[in-house]
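In what follows, a structure is listed as structure tokens, so that the remarks can point back to it.
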Amino acid sequence: MWIDLNFNLLTYIVLGLISLSLVIQMFYYWGLFRRLAFSKKKEKQDDQENMPPVSVIIAARNAILDLEKNLPYILYQDYPNFEVVVVNDSSDDGTEEFLTDLARYEPKLNVVHIRQNLNFFQGKKFPLSLGIKSAKHDILLLTDADCRPLSNQWIKSFARHYDKNTAMVIGYGAYEKKKTLLGLLQQFDTIQIAMFYLSKALGGKPYMGVGRNLSYRKSLFMENKGFISHYNVASGDDDLFVQQVANKKNSQVEISKDSITYSTPKPTFGQWVTQKRRHFSTGKYYKTGLKMLLGLYPLSQIMFFAAFVWLFFLPVHWGFPLGFLLFRLIQQLIIVGKSASRLYEKFPILLIPFAELFFIIFNPLLVLINTFSKPSRWR
């Protein structure tokens, strides 16, 4: 009798856990992620005569191949008044010579050379700061050397948002499509991260962007003393800074097809892990409420699948766990599928559950590794 009573109590507890985890995830799917998944495509008329001048900022270190490939996409944008500021951060691969030669016949190119390794802080914040201070124009558009805009309307798609109230425009940076396991994982990871930060920004509470496709005013940067409050953190130029300066009134989101940039995905698993570890390293500097929001979602995922497996060892009909799983799967495919479509991403919908299972294990493991060792510096 006692055994049966305890066994039944355990069954109710596990059913309660799987139900609770499902409720939490429905809050994320339909309370948060739906903002991106069902966001409307806004058509905004461009005022050609009053387009503000723009400075594109790129920090590059040993990136000659990337610059040769991608700079033409930026220099030949269909925009009336812009410059491209490239900061060469102590490169020794021919980047300096390439940029110096190119600047001789490209009037839009403004090159800043750091010839001595004066970057006492890890990361690209120091070269970015130099590039921003060297910019001629107030409106900045930041990207990376390994990025190319999808369209020659890229600058225009961001600039058209600026009025007297706008100080920041948050965009989306995708990865070039590679039909490999690693390429698919990076693509799914990018979509999943965007579902969080773009949905929050669309809800009026921006907390990050991506440095490969982010715009803000130089005056906003200078008034808030740039990255000085978190210079000692290797990453953070696109999340800690956004948290510091962005709010509902001064920020907008731009995710039209013309605004998207494409980066080359990391070619090896080890390089991708290093990149992700750098990104995770800023998480401990987030505010408590944001940490809870970002942490509760993966915790609910772990709780759901743990309870799902556990139910097969308890005296319940197999239809219960499968019913929970099917219901959740339908919601997931709707929200993730619509979000990917809104970002012009073609991700195989049937691979979504398998990619999710991978990251349920992978991401917590990287966070754990970061607690015992520091990720390597930028480049």
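Taking first residues from the range 313-340 that are touching a residue at least 60 places away in the same chain (Cβ under 8 Å) and at negative phi and partners that are part of a loop (DSSP other than H, G, I, E, B) and buried (at least 17 other Cβ atoms within 10 Å of the Cβ), the Cβ contacts under 7 Å between residues at least 6 apart in sequence or on separate chains come to A340/F347. The residue pairs whose first member lies in the range 62-73 and is free of Cβ contacts under 8 Å to residues at least 60 places away in the same chain, whose second member is in a loop (DSSP other than H, G, I, E, B), and whose beta carbons are closer than 7 Å, counting only pairs six or more residues apart or on different chains, are I64/D93; I64/G94.
For T268, the requirement of being closer than 26 Å to Y29 by Cα, of a type in the set (S, T, N, Q) and either loosely packed, with under 13 Cβ neighbours inside 10 Å or modelled with pLDDT under 90 (or both) is not met. Can we say S341 is hydroxyl-bearing (S, T, Y), loosely packed, with under 14 Cβ neighbours inside 10 Å and closer than 28 Å to S259 by Cβ? Yes; evaluated as a whole, the condition is true for this residue. A count restricted to the range 345-355 and to residues that are touching a Phe, Trp or Tyr at 6+ places or on another chain (Cβ under 9 Å) and surrounded by fewer than 17 Cβ atoms within 10 Å (Cβ to Cβ) stands at 1.
Here's the yes/no breakdown for (1) hydrophobic (A, V, I, L, M, F, W, C); (2) in contact with a Ser or Thr (Cβ under 8 Å, 6 or more places away or on another chain); (3) surrounded by fewer than 17 Cβ atoms within 10 Å (Cβ to Cβ):
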residue	(1), (2), (3)
I114	yes, yes, no
P127	no, no, no
I139	yes, yes, no
T143	no, yes, no
L184	yes, no, no
Q187	no, no, no
F196	yes, no, no
Y207	no, no, no
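Inspection of the range 277-296 finds a residue satisfying the criterion of being free of Cβ contacts under 8 Å to residues at least 60 places away in the same chain and among the polar types (S, T, N, Q). If you go through the range 356-369 and pick out every residue that is surrounded by 13 or more Cβ atoms within 10 Å (Cβ to Cβ) and more than 20 Å from T190 (Cα to Cα), you end up with 1. The criterion of at least 3 residues that are of a type in the set (A, V, I, L, M) and more than 25 Å from K42 (Cα to Cα) is met, among strands (runs of 3 or more DSSP E) falling completely within the range 92-173, by 109-114.
Just a yes or no: is a residue in the range 190-211 touching a Phe, Trp or Tyr at 6+ places or on another chain (Cβ under 9 Å) and part of a strand (DSSP E or B)? No; the residues of the range 190-211 include none that is touching a Phe, Trp or Tyr at 6+ places or on another chain (Cβ under 9 Å) and part of a strand (DSSP E or B). Testing E49 on (1) at pLDDT 95 or above; (2) in a helix (DSSP H, G or I), one condition comes back false. Which one is that? Just one mismatch for E49, condition (1).
The values are calculated or read from the model by the stated rules, or taken from the named source; none is laboratory data. Keep in mind that this is a model prediction, so the values were computed, not measured. Heads up, the Cβs are rebuilt from the backbone with ideal geometry, glycines too, and the neighbour counts pull from every protein chain shown.
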